[in-house]
1. Do we find a residue being crowded, with 17+ Cβ neighbours inside 10 Å, touching a strand residue (DSSP E or B) at 6+ places or on another chain (Cβ under 6 Å), modelled with pLDDT of 95 or more and not in a helix (DSSP H, G or I) anywhere in the range 53-75?
2. State the number of residues belonging to the range 45-69 that are free of Cβ contacts under 8 Å to residues at least 12 places away in the same chain and within 25 Å of residue 103 (Cα to Cα).
3. Within the range 27-34, is there a residue that is at pLDDT 95 or above, in contact with a strand residue (DSSP E or B) (Cβ under 6 Å, 6 or more places away or on another chain) and surrounded by fewer than 14 Cβ atoms within 10 Å (Cβ to Cβ)?
4. Test of understanding: among 79, 91, which residue is modelled with pLDDT under 95 and more than 12 Å from the chain's Cα centre (by Cα)?
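The values are calculated or read from the model by the stated rules, or taken from the named source; none is laboratory data. Being a predicted model, the structure only gives us computed values, none of them experimental. With ideal geometry, Cβ positions are generated from the backbone for all residues, glycine too; neighbour counts draw on all protein chains shown.
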């Protein structure tokens, strides 16, 4: 699956527009990570536990988007975007979305 942030795939011609595809996941923090994050707040630095958690969440959302595009017969996704939002205390949603197309 080709995934690009542009509205075209360089060197390819868009043959068919399939439509919007998306994938999402909601990730909640856990108490163990919260304790480590609290310590990082005191001494400073990257909170790697959360970085890893959000990276995995992005991969899940992208995977779900790709699966939806494949089900529509697409071989590429253009105008790809990621969005995140807090949906409740201690939980964030990651949404991956774009336009599914077939390219030659």
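1. Looking through the range 53-75, at least one residue is crowded, with 17+ Cβ neighbours inside 10 Å, touching a strand residue (DSSP E or B) at 6+ places or on another chain (Cβ under 6 Å), modelled with pLDDT of 95 or more and not in a helix (DSSP H, G or I).
2. 1
3. Looking for residues that are at pLDDT 95 or above, in contact with a strand residue (DSSP E or B) (Cβ under 6 Å, 6 or more places away or on another chain) and surrounded by fewer than 14 Cβ atoms within 10 Å (Cβ to Cβ), one finds none in the range 27-34, hence no.
4. 91
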